[in-house]
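*Asks:* Quick one: structure below, then a few questions.
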There are 2 protein chains.
Amino acid sequence: MTSPPVPTPPWRAARKDRKARRALSRDAIVDVALKVIDAEGLDALSMRRVAQDLDTGAASLYAHIDSKEELMEEVLDRVHAEIGTIEPRLEPDPENWQEQTKEWMRRGRRVYAGHRDLARAAMEQAIPTGPHALMNIEKLLALLRAGGLPDQAVAYGVDALSTYLTATVFENSLLESSPAQTGQTVEEYFGQVRDYFGSLPVDRFPNIVAMVEPLMRDVGDERFEFGLDLLVGGLARYARPRGTDAAAQGQEDAQA
Amino acid sequence: MTSPPVPTPPWRAARKDRKARRALSRDAIVDVALKVIDAEGLDALSMRRVAQDLDTGAASLYAHIDSKEELMEEVLDRVHAEIGTIEPRLEPDPENWQEQTKEWMRRGRRVYAGHRDLARAAMEQAIPTGPHALMNIEKLLALLRAGGLPDQAVAYGVDALSTYLTATVFENSLLESSPAQTGQTVEEYFGQVRDYFGSLPVDRFPNIVAMVEPLMRDVGDERFEFGLDLLVGGLARYARPRGTDAAAQGQEDAQA
DNA sequence: TAAGTAAACGAACACTGTTCGCGCCGTGGA
DNA sequence: TCCACGGCGCGAACAGTGTTCGTTTACTTA
């Protein structure tokens with residue numbers, strides 16, 4: 001098979017080039033996937049799209065990753081890492097657990113908001129089991145336990161907080177991306193909805209018509225903060241009595 | 001072009017048969033779509049699948065409906081009608097608005113739960129504008145206003161409640177449908193997660209390990225009821241002072 | 001009866017996630 | 001040094017998806 005030296009044909013050279021940047025790996029794939037989401041949104045993410053940025057075909061990805069679903073889990077866990085590593089050492093303070101919890105939630109919101117509509121993917125994940133996602137659950141559990149809540153309240157509380165976080169961030173991303181598909185800005189879209197609500201028949205929808213302004217006010221921080229206060233404040237009612245007021249409250253659930 | 005009478009060829013006869021049941025209409029399409037969702041789940045819903053039950057092709061549907069998205073809006077509004085028509089006349093009672101609100105939420109949950117994973121579609125709808133959806137918002141607004149909440153608290157409160165409803169119902173449907181795809185029951189899936197959580201390294205995840213049981217307890221009513229109580233109880237803090245306690249609270253948002 | 005119109009429809013387009021099987025390539029053993 | 005092996009890369013294909021095009025069909029109106 002020893003043949004005399006011959007200039008390699010162009011297609012083989014091209015092949016060589018491609019093989020040369022053999023940077024194909026699990027991490028590289030997840031990297032690119034997240035970059036695509038950040039740049040073009042979740043809908044633009046396809047196996048072919050990821051492969052394209054890696055100068056290869058979609059089939060090649062399946063040597064490193066079982067399915068797109070698994071890829072998404074990996075991407076989501078990377079984002080969970082981003083939430084957790086901003087302030088790696090968090091010492092739950094029993095005197096300050098409410099504000100700490102809120103701050104943690106705000107951090108999560110900021111991080112998610114920085115990745116377009118990735119929160120939609122987070123919603124579709126039933127129970128997150130990635131290491132960094134677990135770390136975040138662990139942190140939240142620690143905060144609520146520091147508040148002295150009964151175990152069941154801690155568990156349901158963490159669940160409610162997580163649900164609230166992903167759901168609100170997702171809805172926010174919807175409000176930004178769905179009017180963009182028809183080429184209008186968020187303000188235009190909101191203006192249209194405001195007008196529509198205002199134009200409803202007053203006899204059938206008196207409250208909507210009367211409440212158009214408060215309903216349409218702010219899509220962002222204030223709205224999020226309101227619900228957050230509802231939840232954390234509600235959880236605080238379960239807290240171990242401290243200071244003057246008793247923590248007793250008449251609900252039968254969330255027993256210790 | 002006048003040709004002598006000839007027995008219609010079989011294929012034309014077949015065509016005749018199909019045309020005879022010209023029951024194709026907007027309502028009929030929405031009917032079938034909802035039936036498909038109820039019977040086979042949201043993922044099974046495709047334009048071709050709907051057309052098949054109507055003995056036609058997918059293209060024929062587009063004479064009555066602009067897009068699949070519009071079809072989903074129609075389906076969702078039908079379900080919203082189902083929520084609203086169970087108790088068409090609801091008189092908001094200022095003395096009882098909290099329990100009325102909770103009951104309304106429970107009703108919504110029951111209805112959604114009766115339609116498989118349709119709640120996922122509800123999540124993806126940015127701002128519902130269907131007539132029956134608006135009617136439900138109207139009802140919720142009336143209830144919170146009867147409680148004497150400041151306008152902004154009413155608006156944000158309705159939003160938080162709606163979000164909580166769809167998000168929790170959606171998560172519940174996920175927990176039921178996602179393990180079913182791999183052929184296991186919900187109990188098996190939950191057992192696996194429980195075992196996994198329990199097997200985590202105690203030094204890194206002390207709270208998760210300690211809280212496995214409360215975390216994994218109940219996927220249903222109790223969990224929902226807990227979050228519901230958090231929200232409604234939190235809203236009640238904004239209520240107009242009645243009886244002894246003052247409703248003042250230090251948050252700066254949700255001003256009237 | 002003739003014309004006009006609106007619905008129905010088959011085929012096609014551009015996508016999607018995933019699988020199959022071939023061929024290249026770097027590494028370990030003889 | 002040579003060779004075989006095994007894993008990875010990858011083009012092509014499969015079975016789907018929502019949607020559109022151009023045509024045929026059926027019904028209504030003049």
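The values are calculated or read from the model by the stated rules, or taken from the named source; none is laboratory data. Bear in mind the structure is a predicted one, so any value in this text is a computation, not a measurement. Heads up, the Cβs are rebuilt from the backbone with ideal geometry, glycines too, and the neighbour counts pull from every protein chain shown.
*Asks:* Whether any residue in segment A:71-87 is more than 30 Å from A:L144 (Cβ to Cβ) and either assigned by TED's automatic domain parsing to the domain that holds A:S177 or crowded, with 17+ Cβ neighbours inside 10 Å (or both) is what I want to check. Break it down stepwise before answering.
*Replies:* Just the residues of segment A:71-87 that are more than 30 Å from A:L144 (Cβ to Cβ), to begin with: A:71.
If we keep only those that are either assigned by TED's automatic domain parsing to the domain that holds A:S177 or crowded, with 17+ Cβ neighbours inside 10 Å (or both) too, we end up with A:71.
Yes, that holds for at least one residue.
*Asks:* Among B:P92, B:P131, which is the only one that is more than 17 Å from the chain's Cα centre (by Cα), more than 16 Å from DNA strand C (Cβ to nearest atom) and not basic (K, R)?
*Replies:* Working: B:P131 fails: more than 17 Å from the chain's Cα centre (by Cα).
Only one candidate qualifies: B:P92.
*Asks:* Which residues, taken from segment A:119-155, are among the aliphatic types (A, V, I, L, M) and in contact with a Ser or Thr (Cβ under 8 Å, 6 or more places away or on another chain)? Let's see the steps before the verdict.
*Replies:* First pass over segment A:119-155, keeping only residues among the aliphatic types (A, V, I, L, M): A:119, A:121-123, A:126-127, A:133-135, A:137, A:140-144, A:146, A:149, A:153-155.
A:A119, A:A122, A:M123, A:A126, A:I137, A:L140, A:L143, A:L144 - these are the residues of segment A:119-155 that are among the aliphatic types (A, V, I, L, M) and in contact with a Ser or Thr (Cβ under 8 Å, 6 or more places away or on another chain).
A quick yes/no check of all residues on (1) in a helix (DSSP H, G or I); (2) free of Cβ contacts under 8 Å to residues at least 40 places away in the same chain; (3) at positive phi:
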{"residue": "A:E138", "(1), (2), (3)": "yes, yes, no"}
{"residue": "A:L144", "(1), (2), (3)": "yes, no, no"}
{"residue": "A:L149", "(1), (2), (3)": "no, no, no"}
{"residue": "A:A153", "(1), (2), (3)": "yes, no, no"}
{"residue": "A:S178", "(1), (2), (3)": "yes, yes, no"}
{"residue": "A:F190", "(1), (2), (3)": "yes, yes, no"}
{"residue": "A:F197", "(1), (2), (3)": "yes, yes, no"}
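*Asks:* Looking at segment B:77-90 only, could you name the residues that are away from chain A (no Cβ under 14 Å) and either farther than 19 Å from B:P128 by Cβ or within 16 Å of DNA strand D (Cβ to nearest atom) (or both)?
*Replies:* B:E87
*Asks:* Any idea how many residues of segment B:23-66 are within 14 Å of another protein chain (Cβ to nearest Cβ) and either surrounded by fewer than 14 Cβ atoms within 10 Å (Cβ to Cβ) or near DNA strand C (Cβ under 7 Å from one of its atoms) (or both)?
*Replies:* 2
*Asks:* Take A:L45 and tell me if it is in contact with a helix residue (DSSP H, G or I) (Cβ under 6 Å, 6 or more places away or on another chain), aliphatic (A, V, I, L, M) and in contact (Cβ under 8 Å) with a residue 60 or more places away in the chain. I'd like the intermediate steps shown before the answer.
*Replies:* Details: in contact with a helix residue (DSSP H, G or I) (Cβ under 6 Å, 6 or more places away or on another chain): yes; aliphatic (A, V, I, L, M): yes; in contact (Cβ under 8 Å) with a residue 60 or more places away in the chain: no.
So A:L45 does not fit the description; no.
*Asks:* Name the pairs: first residue in segment A:125-136 and at the interface with chain B (Cβ under 7 Å from one of its Cβ atoms), second residue part of a helix (DSSP H, G or I), Cβ to Cβ under 7 Å, at least 6 apart or on different chains?
*Replies:* A:A126/B:L174; A:A126/B:L175; A:A126/B:S178; A:I127/B:V193; A:T129/B:Y196; A:L134/B:I208
*Asks:* While we're here: Suppose we keep only residues that are modelled with pLDDT of 95 or more and small (G, A, S) within segment A:149-174. Which one would you say is nearest to A:G114 (Cα to Cα)?
*Replies:* A:A167
*Asks:* I would also like to ask the following. Out of B:R223, B:R194, B:R204, report the one residue that is at the interface with chain A (Cβ under 8 Å from one of its Cβ atoms) and surrounded by 14 or more Cβ atoms within 10 Å (Cβ to Cβ). Let's see the steps before the verdict.
*Replies:* Numbers: B:R194 fails: at the interface with chain A (Cβ under 8 Å from one of its Cβ atoms); B:R204 fails: surrounded by 14 or more Cβ atoms within 10 Å (Cβ to Cβ).
Result of the check over B:R223, B:R194, B:R204: B:R223.
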